[in-house]
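Each remark here refers to the structure printed beneath this line.
The values are calculated or read from the model by the stated rules, or taken from the named source; none is laboratory data. All figures in this text were calculated on a predicted structure; none of them were measured in a lab. In this analysis, Cβ positions are derived from the backbone assuming ideal geometry, glycine residues included, and neighbour counts consider all displayed protein chains. Note: areas computed on protein heavy atoms with side chains; ligands, DNA, RNA excluded. Shrake-Rupley method; radii C 1.70, N 1.55, O 1.52, S 1.80 Å.
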Amino acid sequence: MQKSLFAEFLGTFWLVFGGCGSAVLAAAYPELGIGFVGVAFAFGLTVLTMAYAVGGISGGHFNPAVSLGLTVAGRFPAARLVPYVVVQIVGAIAAAALLYLVASGKAGFELGGFAANGYGDHSPGGYSLLSALLIEVLLTMFFLIIILGSTSSRVPAGFAPLAIGLGLTLIHLVSIPVTNTSVNPARSTGQALFVGGWALQQLWLFWIAPLAGGALGGLVWKILDDAD
């Protein structure tokens, strides 16, 4: 159990540091910035690489919504859910803290949005609360279906991290303009703690929507799985 929890800490740390780090440090870099597409691929690559690195130890969740969805689908023991969520949150906060230390080392540093998630005035594209709620629930649901389907015994073994990483990339390509893409309450929490103010006030959505989407994804897969 301890090794599994440490693996989840490392995986979530890498996801937040790599994904949010790309947004904070490289997305808008003058002339050579990676933009939305680069950030989307960065998030996908973090999950892909750590799923191969430590997925065999912990299952490679790195996300409370994923852990909940797997529990609902009967793929993960409920007794492990809370410990997994706790270490995922700790990993995300540790990554956000280190990212803050790195970013603040630049002359004239301003915190800005710090890759936090938001809606309304704090949505990159000015999207409403309803738009944010719908897209976070829907995309998290499909993320769980991708995870559960690609790791089932029906498909060739060893390729699941590719499908999951590319799935997360696609999710970011769709939703960065809407919410800056959460689908992961731990990722949202780490950044919000450093931004404070509006980010903490809106954080509730980025817990409720991904968790609801994760649970729905688990239920949908359970129906599909039972129907076969």
| field | Members of segment 113-134 that are among the small types (Gly, Ala, Ser), touching a residue at least 60 places away in the same chain (Cβ under 8 Å) and in a loop (DSSP other than H, G, I, E, B) | value | 113, 115, 116, 118
| said: So, restricting to helices (runs of 4 or more DSSP H) that lie completely within segment 1-75, which ones have at least 1 residues that are surrounded by fewer than 17 Cβ atoms within 10 Å (Cβ to Cβ)? | reply: 2-21, 35-58
| message | Is it the case, given these coordinates, that residue 147 is at pLDDT 95 or above and either over 14 Å from residue 206 (Cα atoms) or in contact with an Asp or Glu (Cβ under 7 Å, 6 or more places away or on another chain) (or both)? | response | yes
| field | segment 196-228, subset more than 15 Å from residue 135 (Cα to Cα) and buried (at least 21 other Cβ atoms within 10 Å of the Cβ), residue modelled with the lowest pLDDT | value | 221
| field | Hits in segment 196-217 (condition: in a helix (DSSP H, G or I), over 23 Å from residue 9 (Cα atoms) and either in contact with a strand residue (DSSP E or B) (Cβ under 8 Å, 6 or more places away or on another chain) or not aliphatic (A, V, I, L, M) (or both)) | value | 197, 198, 201, 217
| request: Look at segment 176-195 and say how many of its residues are part of a helix (DSSP H, G or I), among the polar types (S, T, N, Q) and open to solvent by 10 Å² or more (accessible area, probe 1.4 Å). | output: 1
| query | Looking at (1) farther than 17 Å from residue 175 by Cα; (2) surrounded by 17 or more Cβ atoms within 10 Å (Cβ to Cβ), which is the one condition that is false for residue 127? | reply | (1)
| note | Conditions (1) touching a residue at least 60 places away in the same chain (Cβ under 8 Å); (2) under 15 Å from residue 66 (Cβ atoms); (3) open to solvent by 40 Å² or more (accessible area, probe 1.4 Å) -> residue 147 fails only (3)
| request: Count, please, the residues in segment 76-112 that happen to be open to solvent by 30 Å² or more (accessible area, probe 1.4 Å), aromatic (Phe, Trp, Tyr) and in contact (Cβ under 8 Å) with a residue 24 or more places away in the chain. | output: 1
| task | Go through segment 159-169 and give me each residue that's free of Cβ contacts under 8 Å to residues at least 60 places away in the same chain and open to solvent by 50 Å² or more (accessible area, probe 1.4 Å). | result | 159
